[in-house]
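**Student:** Quick one: the structure is below, questions incoming.
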């Protein structure tokens, strides 16, 4: 894969975290193929410009372990079910990406060789170097950890320049902008403030892991057309969570 355009971007290798809910479109549940296709097209366009991309996709559009546990299900079992949901989403995204001509590999933290590769760090790095999009599924492989934490962990393991979290809003606010029209948006915000003020960027474990490894977390609107490429080039609206 050519990397001639890579200098136009702030980072050569990034991890994109996509929530499971982002794949629902206007449905209330499951996978909406046109939405998956649109997100995949944005990812492929960025990869073609020379950026190495890995993905972590949540499973909340199919099953959310924490909600099930709150309803009485044993937490570890509920979380394992949620991990399986992320594998389903990863396969859906793989299908969309490969339909657009991209080479991909789904790597699961829970081995299931019939449908995807087991996660092996050095092999994953090689996939990225060979121009493939690596999709990391099944979270960390352990209950009690979210896919946000899995995204931070994999981003650090892959040596990514940044973790990009695609959300429903264009950055981090001091309160929910969908409920408070006077909410203030930050261009940059520190890890410490995110944790101290409970700004709900990602869970505390993910932010702490990013902080401890100097990994910038970039929050942007995944539903803004061209938003992924714009953020990488420094032109898009986003919030960067960093040390200061």
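A short reminder: the numbers here are calculations on the coordinates, not readings from a lab. If you're wondering where the values come from, they're calculated on a predicted model, not measured in any experiment. When we count neighbours, we look across all protein chains shown, and the Cβ atoms used for this are built from the backbone with ideal geometry, even at glycine.
**Student:** If you count the DSSP beta bridges with both ends in the range 6-242, what percent of them are antiparallel, to the nearest 5?
**Tutor:** Details: 6 of 35 bridges.
Antiparallel: roughly 15 percent of the beta bridges in the range 6-242.
**Student:** What order do you get for 178-191, 117-130 when each peptide is scored by the mean count of other beta carbon atoms within 10 Å, highest first? It would help to have the intermediate numbers written out before the result.
**Tutor:** Details: 178-191: 13.1, 117-130: 14.9.
Ranking, from highest mean packing down: 117-130, 178-191.
**Student:** Nearest 0.05, what FRET efficiency do residue 223 and residue 103 give at R0 = 22 Å with Cβ-Cβ as r? Let's see the in-between values first.
**Tutor:** Details: r = 26 Å, r/R0 = 1.18.
Efficiency for this residue pair is about 0.25.
**Student:** Could you give the length gained by full extension between residue 66 and residue 12, i.e. 0.36 nm per residue of separation minus their alpha carbon distance, to one decimal place?
**Tutor:** 16.0 nm
**Student:** What would the Debye formula give as log10 I(q)/I(0) at q = 0.20, 0.22, 0.28 Å⁻¹ for the alpha-carbon point model of the range 161-224, no solvent?
**Tutor:** Rounded to two decimals, the profile gives -0.78, -0.94, -1.38.
**Student:** Something else about it: Could you order peptides 26-34, 46-54 by the average number of other Cβ atoms within 10 Å of their residues, highest first? Numbers along the way, then the final one.
**Tutor:** Working: 26-34: 12.2, 46-54: 21.9.
Peptide ranking by packing, descending: 46-54, 26-34.
**Student:** Under the Kirkwood approximation for Rh and a Cα-based Rg, what ratio Rg/Rh is obtained for the chain? Walk me through the numbers on the way to the answer.
**Tutor:** Working: Rg = 16.8 Å, Rh = 17.9 Å.
Value, to two decimals: 0.94.
**Student:** Next question, about the same structure. For residue 244 and residue 37, calculate 0.36 nm times their separation in residues minus their Cα-Cα distance, and state this gained length in nm to one decimal. Please list the in-between numbers first.
**Tutor:** Working: separation 207, 0.36 × 207 = 74.52 nm, distance 3.64 nm.
70.9 nm is the gain from fully extending residue 244 to residue 37.
**Student:** Of the listed peptides 134-141, 212-219, what is their order by residue-averaged count of other C-beta atoms within 10 Å, with the highest listed first? Kindly include the intermediate steps, with their values, before the conclusion.
**Tutor:** Values: 134-141: 26.0, 212-219: 19.2.
Output ranking for 134-141, 212-219: 134-141, 212-219.
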